[in-house]
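Down below is the structure, laid out as structure tokens.
The values are calculated or read from the model by the stated rules, or taken from the named source; none is laboratory data. Predicted model only: the values in this text are computed from it and were never measured. Methodologically, a virtual Cβ is constructed for each residue, glycine included, from the backbone with ideal geometry; neighbour enumeration extends over all protein chains shown. In case anyone asks, the SASA skips ligands and DNA or RNA and just uses the protein heavy atoms, side chains included. Shrake-Rupley method; radii C 1.70, N 1.55, O 1.52, S 1.80 Å.
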Amino acid sequence: MRLLLLPFFLTFVLNAAPASAAPQTTTTVESTPLRGDDDPALVRTNPAFREDPVTFFMNLSIGYDGGNLLERDEYVQGGYFALRFMPLKNDQIVWDYHLEVSEKNLLGVAVGRRWYCCPGDEFMPYARASANMILDPKDELAGFAEIRRWRLRAAVGIGEKFIWEFGVGLAVTGPDIYAQFGYNFGF
């Protein structure tokens, strides 16, 4: 290997083209002055006409759930109307806050966390985990302290404007399932 280094070195040294300085100090290229017109590629827009970026979504949904929602020994099933507030972080929903009213006059409150499996996908599939509480208004404030009212839910969903979501929940009183469909309004 050492024997090959000397011929390589001599080849590069002997074949190097001699460098010379520029023969003239002036150029022969004519210069044209710049015009004062605006460049059409850099059109200026009035900030008053620019749209503000969306910073949160408000979701209106209808759904159907079933399960042992309270301490009763019966499975309550029925439809519900839900409202979700979803602030955006880096153009994606991370946390959401959920309020629902069922046809049995039960109030549901939840906080959820989302994970997107394919952020570039047009369907925006996601997984969601949430902590929920189902309240019966006739129990007043006692419902907040009752551990049987709390449940954990896991769901999968798709959509950015129109959302489909299906999930299961588990609580001390038993399991429940739910499915909902809704639309996101951006603000």
Expected single match for modelled with pLDDT under 85 and within 16 Å of the chain's Cα centre (by Cα) among Pro119, Pro137 is Pro119
Glu122 vs (1) in a loop (DSSP other than H, G, I, E, B); (2) open to solvent by less than 100 Å² (accessible area, probe 1.4 Å); (3) among the charged types (D, E, K, R): all pass except (2)
How many residues of region 134-158 are open to solvent by less than 60 Å² (accessible area, probe 1.4 Å) and more than 11 Å from Gly169 (Cα to Cα)? The answer is 8
Among the residues of region 171-180, the number that are in a strand (DSSP E or B) and out of contact with any Asp or Glu (no Cβ under 8 Å at 6 or more places or on another chain) is 3
> Looking at region 58-81, is at least one residue at positive phi, in contact with a strand residue (DSSP E or B) (Cβ under 9 Å, 6 or more places away or on another chain) and touching a residue at least 60 places away in the same chain (Cβ under 8 Å)?
Replying inline: yes
For Phe123, indicate whether it is among the aromatic types (Phe, Trp, Tyr), in contact (Cβ under 8 Å) with a residue 24 or more places away in the chain and touching an Asp or Glu at 6+ places or on another chain (Cβ under 9 Å). yes
Among Asp73, Asp52, Asp96, the single one that is modelled with pLDDT of 85 or more, among the acidic types (Asp, Glu) and either assigned to a strand (DSSP E or B) or surrounded by fewer than 15 Cβ atoms within 10 Å (Cβ to Cβ) (or both) is Asp96
query = Out of all the residues in region 100-109, is one or more more than 22 Å from Leu170 (Cβ to Cβ), polar (S, T, N, Q), open to solvent by less than 60 Å² (accessible area, probe 1.4 Å) and touching an Asp or Glu at 6+ places or on another chain (Cβ under 9 Å)?
reply = no
How many residues of region 159-180 are within 30 Å of Asp52 (Cα to Cα) and open to solvent by less than 70 Å² (accessible area, probe 1.4 Å)? The answer is 4
Those residues of region 152-164 which are without any contact (Cβ under 8 Å) to a residue 40 or more places away in the chain and of a type outside the set (Gly, Ala, Ser) amount to Leu152, Val156, Ile158, Glu160, Lys161, Phe162, Trp164
